[in-house]
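Notes follow the structure.
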Amino acid sequence: MFENLREDWRTYDYQWSRQGMWVMVVYRFGRWRYTIRRRWLRLPFSFLYKLLKPISEILTGIELPCEVTLGRRFRIDHFGGVIISGDAVFGDDCVIRNGVTVGLRHTGVRGSPIIGDRVDIGAGAKILGPIHVGDDVAIGANAVVITDVPANSIAVGIPARILPRKERQPTPETHPEILEVRP
C-alpha cells in the first residue's frame, strides 16, 4: 500500500491539495484491507473504509470503489462528476478528467470497460459496456464510447467515431535522448 501511495504522491506532483490524491488514498486503503486474511482483524478496517468512501465522494465528487483494478500512475485531473464502475479495469499511466463515466451500458447487465495503458480520457467522456480500449488511445471530450477502440486511435463524437492516431515525429522536447543536430 505505501509503495503505491508514494507513487501516487509523485503522480499528483507532491500536492496533498489535489482531490484525486485524496480519492487514491481511500482507494489504496480499501484495497489494502483485503490483504488482511482474518475476517475479525479486517472488520474494523472495513468499517473505516465504509466511512471514508462516502466522505471522499461527497468532498470530491469522485466515485472510485476499491473493487476497480487500477494500473500504476492512475491520475484523476479536474475533479468532480467522475463515476467508475467497480468491475472496470485500467492499465498503467491513464488520465481521466471531470465528468467521466466508466461503467455499465445497461442496468443489471454485467460488464464494464477494460482500458489499456496510456489512455487519455477527456472531460465528460462516457465509456460504457463490456468493451476494450487499446493502448495509447485518446478519447475526446464528451465522447460516448460503446464499441471497442483499437490501440493508437482517437475516439470522438456521439456515438464515438474511431480515427487512427497520427504518428508524431520525435523531437528533443518530447524525447530528451534525441540530440538535435543543426548545420
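The values are calculated or read from the model by the stated rules, or taken from the named source; none is laboratory data. Predicted model only: the values in this text are computed from it and were never measured. So basically every Cβ, Gly included, is an ideal-geometry build from the backbone, and we count neighbours across all protein chains shown.
So which residues in the stretch 141-163 are closer than 20 Å to residue 85 by Cα, touching a Lys or Arg at 6+ places or on another chain (Cβ under 8 Å) and crowded, with 18+ Cβ neighbours inside 10 Å? Within the stretch 141-163, 143, 145 qualify.
Do we find that residue 32 is over 14 Å from residue 83 (Cα atoms) and not in a loop (DSSP other than H, G, I, E, B) in this structure? Considered against the rule, which asks whether it is over 14 Å from residue 83 (Cα atoms) and not in a loop (DSSP other than H, G, I, E, B), residue 32 comes out as yes.
Contact annotation: no residue pair with Cβ atoms under 7 Å, 6 or more positions apart or on different chains, pairs a residue in the stretch 13-24 that is under 17 Å from residue 65 (Cβ atoms) and modelled with pLDDT under 80 with a partner that is of a type in the set (A, V, I, L, M) and surrounded by fewer than 20 Cβ atoms within 10 Å (Cβ to Cβ). Which condition number in (1) touching a Lys or Arg at 6+ places or on another chain (Cβ under 8 Å); (2) in a strand (DSSP E or B) is the one that residue 8 fails? With (1) touching a Lys or Arg at 6+ places or on another chain (Cβ under 8 Å); (2) in a strand (DSSP E or B) applied to residue 8, the lone miss is (2).
Count of the stretch 11-29 residues, restricted to those that are assigned to a helix (DSSP H, G or I) and loosely packed, with under 10 Cβ neighbours inside 10 Å, is 0.
Among the residues of the stretch 82-102, not a single one is in contact (Cβ under 8 Å) with a residue 24 or more places away in the chain, closer than 20 Å to residue 7 by Cβ and part of a helix (DSSP H, G or I). The set of residues in the stretch 73-86 that are modelled with pLDDT of 90 or more and of a type in the set (D, E, K, R) comprises 73, 75. Taking residue 60, is it modelled with pLDDT of 90 or more, among the β-branched types (Val, Ile, Thr) and touching a Phe, Trp or Tyr at 6+ places or on another chain (Cβ under 6 Å)? Considered against the rule, which asks whether it is modelled with pLDDT of 90 or more, among the β-branched types (Val, Ile, Thr) and touching a Phe, Trp or Tyr at 6+ places or on another chain (Cβ under 6 Å), residue 60 comes out as yes. Number of residues in the stretch 125-140 that are free of Cβ contacts under 8 Å to residues at least 40 places away in the same chain and either surrounded by fewer than 18 Cβ atoms within 10 Å (Cβ to Cβ) or assigned to a loop (DSSP other than H, G, I, E, B) (or both): the value is 9.
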